[in-house]
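A short write-up of the structure that comes next.
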């Protein structure tokens, strides 16, 4: 399926049918997500893939009882770093240099400059910046899912604190940012499935400056 066709096909599925997404499609979506860009290549987030039905039932109440939580095949939880540190940045740069076969001190100046910008900023700024990087990956995940004709519904409607507690994210230095159920639309029971896709017209959406 071509990309624009895939994006016209996708929508925020309101009712899923419980059908399992094949492993190869899930792997494709996750690999595309892993390859997402991020600021300075830090990828300051992790993805938790939940298919355990009992765990999904526990999540549903503090996700406004949205049925996609339990009717999906897999729930992706995008969990961002709760803050930056010189140690975290160094680990990422060290891995990058090792995999590229470059000297261990090759990025020292850039690392010093980067941490010099981040260190004075608040913990809240750190967490928000990391979460924004997770949202870039979320976008890639949704596009990859659409390409595979897998339905995906991005959700901010959940209690971050409750989810963080359930998944013990604080102990891992993480905070949930957004969740993404993956599955297949229940065409007989989803009120949105046949609705026309509506977006801002191009002439109002795009301003060209030449």
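Throughout, read-outs are computed from the coordinates displayed, never taken from laboratory work. These numbers were taken from a predicted model, which means no experiment stands behind them. Backbone-built Cβ (ideal geometry, glycine too); neighbour counts: all protein chains shown.
Key figures
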item	result
q = 0.19 Å⁻¹: log10 I(q)/I(0) that the Debye formula gives for the chain, counting C-alpha atoms only	-1.33
C-alpha long axis of helix 23-34 to longest principal axis of the chain, angle in °	40 degrees
Calculated FRET value between residue 105 and residue 23, using beta carbons and R₀ = 25 Å, to 0.05	0.05
Burial order of peptide ranges 155-168, 131-144, 79-92, 96-109 (average beta-carbon count within 10 Å, highest first)	131-144, 79-92, 155-168, 96-109
Over the range 70-173, relative contact order from alpha-carbon pairs under 8 Å, at least 6 apart, %	36 percent
Contour excess over end-to-end distance, with Cα ends at residue 194 and residue 209 and 0.36 nm allotted per residue	1.7 nm
Cut-off 12 Å (backbone N to label point 7 Å along Cα→Cβ of residue 94), residues of the range 34-51	none
Rounded tilt (10° steps) of 123-147 against the dominant C-alpha axis of the chain	50 degrees
Sorted peptide list for 29-36, 113-120, criterion being average Cβ within 10 angstrom, highest first	29-36, 113-120
Histogram of C-alpha separations across the range 44-128, 10 Å bin width, %	15, 30, 23, 20, 12, 0
Rounded to 10°, Cα long-axis angle of helix 86-100 versus longest principal axis of the chain	90 degrees
Percentage relative contact order, the chain, counting C-alpha pairs under 8 Å, at least six apart	37 percent
Within the chain, helix-based [θ] at 222 nm, where runs of 4 or more DSSP H residues each add -39,500 (n - 2.57), nearest 500	-13000 deg cm²/dmol
10 Å-binned pair-distance histogram of the range 118-210 (Cα, whole percent)	12, 29, 32, 20, 6, 0
Gain upon complete extension [residue 121, residue 4; 0.36 nm per residue less C-alpha separation]	38.2 nm
